[in-house]
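> Got a structure for you, questions after.
The values are calculated or read from the model by the stated rules, or taken from the named source; none is laboratory data. Only a predicted model underlies this, so the values are computations on that prediction, with no experimental measurement involved. Quick reminder, even Gly has a Cβ in these numbers, built from the backbone with ideal geometry, and neighbours come from all protein chains shown. Keep in mind that these areas ignore ligands, DNA and RNA; they rest on the heavy atoms of the full protein, side chains included. Shrake-Rupley method; radii C 1.70, N 1.55, O 1.52, S 1.80 Å.
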Amino acid sequence: MELRQLTTESERRIFGERIEEARAKRGARFRETRRSNVGKIHLEYGLLYGLFEHDDDLPEQMMSGLVMHDLASFPQSYPRPDLSHLPARSVIEGGELWSFARGAGLLAQRGAIILAGLMQVRALLVYPTFKPSDLTGSYARSNFAKAGEPIVWPYCETIDGGQILVQPMVLEGEALAKLVNDVFAIGFATSDSMRRIRFDNPFPIEPTLSRPAIPIGQRLAAVESAFPHGHEVNGDAQA
């Protein structure tokens, strides 16, 4: 497996199209509010990573992806929790997780943990959906801790205009160090100044694409939302 950073305008466009297609396949239940630009900011200025089955796969063949940014690049999406006791560049917020192949989302997350270790990150921040669907379980199993009570997410709404609650969760300290050590112990290789991370799949399921790649520039009109932000609001890591 290869987790690859996507940096060119073309790669970012393909990443955005992949998100749209992933939502269309699962039936989008959320959308960004009319006033929000958070999703667009994350896609334009965040660190975009795609997961590939082979290191020579084209950008159109990514199986899953996610977006990350450190708090020195731009602020966290919501002012809670307060992480100002840590250097801003050492805190990473993650979001926009999506996948096409079953198990690919989990592998993308695994690659993100490798990145966190290489970058000497001191805290990982996520905002998984809590209501109307509770998607905090996979993070809790990785020892992410709830950081306060669920909050009304101001940037997204349900398709019928209802509120979405998210649960701020943070992984730091000994829990983060243990997870990084466990993932590092299995081994990986980096290249291109850590823009490419190759690692073996430790899970019994073998994710793969079962359809041809979409053409560059193809527009998908099946989704009402336009890049809503948040972990698993935009895709299922278990898929």
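> Just to be sure I understand, how many residues within the range 96-110 are under 20 Å from Glu44 (Cα atoms), in a helix (DSSP H, G or I) and of a type in the set (D, E, K, R)?
Initial filter on the range 96-110 (under 20 Å from Glu44 (Cα atoms)): 96-99, 108.
From what's left, in a helix (DSSP H, G or I): 108.
So of that shortlist, the ones also of a type in the set (D, E, K, R) come out as none.
Residues that pass the stated criteria total 0.
> Can I ask one more? Out of Asn201, Asn234, which single residue is open to solvent by less than 60 Å² (accessible area, probe 1.4 Å), modelled with pLDDT under 90 and among the polar types (S, T, N, Q)?
Asn234
> Right, here's the next one. If I ask for residues that are at pLDDT below 85 and acidic (Asp, Glu), which ones from the range 7-32 would you list?
Within the range 7-32, just Glu20 meets the criteria.
> Turning to a different aspect of this structure: For a quick check of your reading of the model, give me the residue pairs whose first member lies in the range 198-209 and is aromatic (Phe, Trp, Tyr), whose second is open to solvent by 60 Å² or more (accessible area, probe 1.4 Å) and modelled with pLDDT of 90 or more, with beta-carbon atoms closer than 9 Å and at least 6 apart or on different chains.
Phe199/Ile186; Phe199/Phe188
> Do any residues in the range 159-173 that are of a type in the set (D, E, K, R) have Cβ atoms under 8 Å from those of residues that are assigned to a loop (DSSP other than H, G, I, E, B), where the two are at least six apart or on different chains, and which pairs are they?
As it stands, the answer is Glu172/Leu86; Glu172/Arg122, since those pairs meet every condition given.
> Return the total of residues in the range 177-189 being open to solvent by 60 Å² or more (accessible area, probe 1.4 Å) and either over 16 Å from Leu107 (Cβ atoms) or touching a residue at least 40 places away in the same chain (Cβ under 8 Å) (or both).
Of the residues in the range 177-189, the ones open to solvent by 60 Å² or more (accessible area, probe 1.4 Å) are 178, 181-182, 184-186, 188.
Those still in the list that are either over 16 Å from Leu107 (Cβ atoms) or touching a residue at least 40 places away in the same chain (Cβ under 8 Å) (or both) too: 178, 181, 184-185, 188.
So the count comes out to 5.
> Okay, next question. If a residue must be part of a loop (DSSP other than H, G, I, E, B), among the polar types (S, T, N, Q) and touching a strand residue (DSSP E or B) at 6+ places or on another chain (Cβ under 9 Å), how many such residues does the range 111-145 contain?
Step one: of the range 111-145, the residues part of a loop (DSSP other than H, G, I, E, B) are 119-122, 127-128, 132-136, 142-144.
Subsequent filtering for residues that are among the polar types (S, T, N, Q) retains 120, 133, 136, 142-143.
With touching a strand residue (DSSP E or B) at 6+ places or on another chain (Cβ under 9 Å) added as a condition, the list becomes 136, 142-143.
Of the residues in the range 111-145, 3 are part of a loop (DSSP other than H, G, I, E, B), among the polar types (S, T, N, Q) and touching a strand residue (DSSP E or B) at 6+ places or on another chain (Cβ under 9 Å).
> Which residues, counting only those in the range 39-71, are among the aromatic types (Phe, Trp, Tyr), within 24 Å of Ile205 (Cβ to Cβ) and more than 13 Å from the chain's Cα centre (by Cα)?
The answer is Phe52, and nothing else.
> Kindly provide the set of residues from the range 148-164 that are touching a strand residue (DSSP E or B) at 6+ places or on another chain (Cβ under 7 Å), more than 24 Å from Ser84 (Cβ to Cβ) and surrounded by fewer than 17 Cβ atoms within 10 Å (Cβ to Cβ), ordered by number. Talk me through it step by step, then tell me what you get.
In the first step, residues of the range 148-164 are kept if they are touching a strand residue (DSSP E or B) at 6+ places or on another chain (Cβ under 7 Å); the result is 150-153, 155-159, 163-164.
From what's left, more than 24 Å from Ser84 (Cβ to Cβ): 156-159, 163-164.
Selection gives Thr158, Ile159, Gln163.
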